[in-house]
Structure formats: C-alpha cells, structure tokens
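Everything below concerns the one structure shown next.
The values are calculated or read from the model by the stated rules, or taken from the named source; none is laboratory data. Only a predicted model underlies this, so the values are computations on that prediction, with no experimental measurement involved. Methodologically, a virtual Cβ is constructed for each residue, glycine included, from the backbone with ideal geometry; neighbour enumeration extends over all protein chains shown. Protein only, heavy atoms only, side chains kept; ligands, DNA and RNA dropped before computing areas. Shrake-Rupley method; radii C 1.70, N 1.55, O 1.52, S 1.80 Å.
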Number of protein chains: 2
Amino acid sequence: MLTEKHKELIEKIGVYFELAMPPAAARILALLIVSDQDSLVFEDIRSSLNLSKSATSNGINALLDSKRIEYYTKMGDRKRYFKWNPTSTINHFRSEIEKILGLNTLFENTIQLKRDKESYNTKMLGELSDLMHFLYQETSTVYEQWKENKQQKVY
Amino acid sequence: MLTEKHKELIEKIGVYFELAMPPAAARILALLIVSDQDSLVFEDIRSSLNLSKSATSNGINALLDSKRIEYYTKMGDRKRYFKWNPTSTINHFRSEIEKILGLNTLFENTIQLKRDKESYNTKMLGELSDLMHFLYQETSTVYEQWKENKQQKVY
DNA sequence: CTTTTGGTTCTGCAAAATTAGAACTAAAAG
DNA sequence: CTTTTAGTTCTAATTTTGCAGAACCAAAAG
C-alpha cells in the first residue's frame, strides 16, 4: 500500500523520468524506486498505479529492454518479481554523455563542409567540439574517481 | 543554397535536437549551425526547409526564447538576421547537469521516507545521490578547467 | 479437459503536439 | 492612400503518442 507521501514522490520523480520515457513507464520506475518492498509483481504494479494490463505490460518490458529494471523468480511460482536496477541509472548517465560524442561527430563533419574555416561559426564549432571531448574525458572517469574517493572515506 | 551534403547533415543534427524540441525548430537550429552564411533571414529559413510561415515563425521564436539563436538588424532594413548562439549550447549542457540536482533532492526525500534504511535499495539511493553530487561538483568546473587548459596550449 | 493465473498482443480511441494555410497587422515604399 | 514586406496569430487538419479494453495464449492447477 502506498501512502500519500509515496504517491506524491512517485509523481514528482515520474515527471523527471517523463523527459526520457512515456508516463506509464516513468511511474513504474518511480514506484519501484520509492516502494518499501524490495520487489513487486505485475499485479502490484498494475493496481498501485491504476494502469491497464497492456500499459503495465508495455511499460515493464520497455524498462526491462533498457535495463532500468530487472526481475527474479521463485521456485514453483510463475510470477516475476520486478525490482529497480540502480546500476543502470549510473550507466544511464554515462550513455547520456556518449550521446554527446555522436553529436560531436556531426559537428566535426560540419566543420569539414564549411567553406570558410576562419568564420566565427566554424571556429566556435571547433571549440565546442573540443569542449565536448574534454567533458567526455573528465566524466568518463568520474565513476572510478568517486569509488576511490569513497573508499578513502570509509577506511 | 544547400547542397545534398548540407541537407543530410541538417537532418542528422536535427534528429539529435528533436530529443529536446519539435522537429521544425530542430531543423532551423541545425540549418543555422550548418549554413555557410553567417546569418539567415526569415524567408531564407522558410524556403530552405520548405516550412510554412507559421511553423517558421513559431520555431524561430521558440529558439529565441530559449536563447539558442539570436538576431541582429541592419539600419534601414526591417528584416532580422538570425544566427546560432554557440554559447547557449555550452550553457545548455550545464543546465542539463543542474536537472540532475533536482532529481537528487527527490531521491533524498525518498530515503527519508524509507522504512528500512538498511535495505539494498535505500543504500543504493544514498550512493547514487552521493555520486550525483560528485558528478555535479566535477562537471560544474569543467568549462573553467577547459578554458585554462586551452590558454596553456596557446601561449 | 476445464479453469485459473500471469501475462502478451491487437485493435481502436482520445488527447496532445505539430504543421499548413489563411487572415491579419504594422511599418515602410511607391 | 495603396501596395509591399516581414512577419504574427488564429483555425483547422494531420500526425503522433499513449492508454484502455478485449481477445488471445501458454503453463499450471483443479
């Protein structure tokens, strides 16, 4: 059962996730993060969020595909127990940054195509591309740095 | 006039921008980035992209509002000369990272609400929140670091 | 072999987003 | 003062999304 506070948080977190996925999937993910139970089955999710079976099924499968949730099973029980995959959220940040590199390639192609290599726009494209590479370098090691940092604090 | 290569790049870059804005606006921004002319007027944009006047007007104004493009004028000429604002793209990255902080606040609220503070999910939420703060710290200075780095290279 | 459980898949609909087209407007030109 | 230019705004059509409901299916239970 969800308290009002839980529901409120699910909606607010859901709104964030809606930037990258449909509303129903966003709510499902938020529910699995906020819930006090460590895992929920199909029907728990459906009834908690008042969704149809199809919306629940499609939402769950999209989240499974993108690895943002996972499930385990119990012997002699056909149900799947869904849970949030916190590691995927970390990886998600990384893949967001990888997207930047894709755009960067297109920017570099654009520079190639520019007639006037000395124009303000062309130069700025070059600088941006440079900055984006720098950002990528810096952030690609953030996770490792953070893990080290943490170890130092603990021990 | 746009060559086939230009058109291809506009479409590809447009697809990236479509993640965050409507198709017409995305194409307009891509056009202003790719174009060999340093600025374009309303009618240039409209005809290059085969857009209606309303789509052109709405797209341009949305981009102006979000500061992703700007315009200048010429004396005795009522037309506006639109150009890409490269700095806004840099700021855009920064505001993306700021969004993370908003989500983080909600994650911290979630931890408060958790019945079992020692559960895997609760602990992972704490770690994620910690990591996101760390990421924010690191990236908030990336631009300054990069500028310094660049200066060292040049002089 | 019939029923129940735990889903998936297939329409179809409703809402939201996006665009085109036409009417409109304000400033400048003729 | 009529026309042209450089757009804006309104309305309506079109497309895209997302969801519900119902039909469907396979495995297990009765």
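Side notes on the structure shown:
- Under the condition of being open to solvent by less than 50 Å² (accessible area, probe 1.4 Å) and either assigned to a loop (DSSP other than H, G, I, E, B) or at the interface with chain B (Cβ under 7 Å from one of its Cβ atoms) (or both), the residues counted in the range A:114-124 number 4.
- Within the range B:33-47, the residues that satisfy the criterion of being closer than 18 Å to B:Tyr71 by Cα and within 14 Å of DNA strand D (Cβ to nearest atom) are B:Ser39, B:Leu40, B:Val41, B:Phe42, B:Glu43, B:Asp44, B:Ile45, B:Arg46.
- One residue alone among B:Glu127, B:Glu70 is outside any loop (DSSP other than H, G, I, E, B), surrounded by 13 or more Cβ atoms within 10 Å (Cβ to Cβ) and touching a residue at least 12 places away in the same chain (Cβ under 8 Å), and that residue is B:Glu70.
- Taking the range A:97-113 as the range and being surrounded by 14 or more Cβ atoms within 10 Å (Cβ to Cβ) and within 19 Å of B:Tyr136 (Cα to Cα) as the test, the residues that pass are A:Ile97, A:Ile100.
- The range B:34-73, subset within 14 Å of DNA strand C (Cβ to nearest atom) and of a type in the set (Asp, Glu), residue farthest from the other protein chains (Cβ to nearest Cβ): B:Glu43
- Selection status of A:Lys5, under 22 Å from B:Lys117 (Cα atoms), surrounded by fewer than 16 Cβ atoms within 10 Å (Cβ to Cβ), away from DNA strand C (no atom under 14 Å from the Cβ) and basic (Lys, Arg): yes
- Count - residues of the range B:73-92 that are modelled with pLDDT under 90 and open to solvent by less than 40 Å² (accessible area, probe 1.4 Å): 3
- Exactly one residue out of B:Leu135, B:Leu106, B:Leu131 is in contact with a Lys or Arg (Cβ under 6 Å, 6 or more places away or on another chain) and within 7 Å of chain A (Cβ to nearest Cβ), and it is B:Leu106.
- Count of the range B:48-59 residues which are surrounded by 11 or more Cβ atoms within 10 Å (Cβ to Cβ), in a helix (DSSP H, G or I) and more than 15 Å from the chain's Cα centre (by Cα): 6
- Residue within the range B:81-92 that is more than 15 Å from the chain's Cα centre (by Cα) and within 11 Å of DNA strand D (Cβ to nearest atom) present: yes
- Taking the criterion of being within 9 Å of chain B (Cβ to nearest Cβ), over 12 Å from A:Ile45 (Cβ atoms) and surrounded by 15 or more Cβ atoms within 10 Å (Cβ to Cβ), the only residue of the range A:18-33 that qualifies is A:Ile33.
- Taken as a whole, the range A:84-96 holds no residue that is more than 8 Å from every other protein chain (Cβ to nearest Cβ), in contact with a helix residue (DSSP H, G or I) (Cβ under 7 Å, 6 or more places away or on another chain) and without any contact (Cβ under 8 Å) to a residue 60 or more places away in the chain.
- Residues in the range A:142-155 that are open to solvent by 30 Å² or more (accessible area, probe 1.4 Å) and touching an Asp or Glu at 6+ places or on another chain (Cβ under 9 Å): A:Gln145, A:Lys150.
- Where B:Lys99 falls short, out of the listed (1) in contact (Cβ under 8 Å) with a residue 24 or more places away in the chain; (2) within 30 Å of B:Leu128 (Cβ to Cβ): (1)
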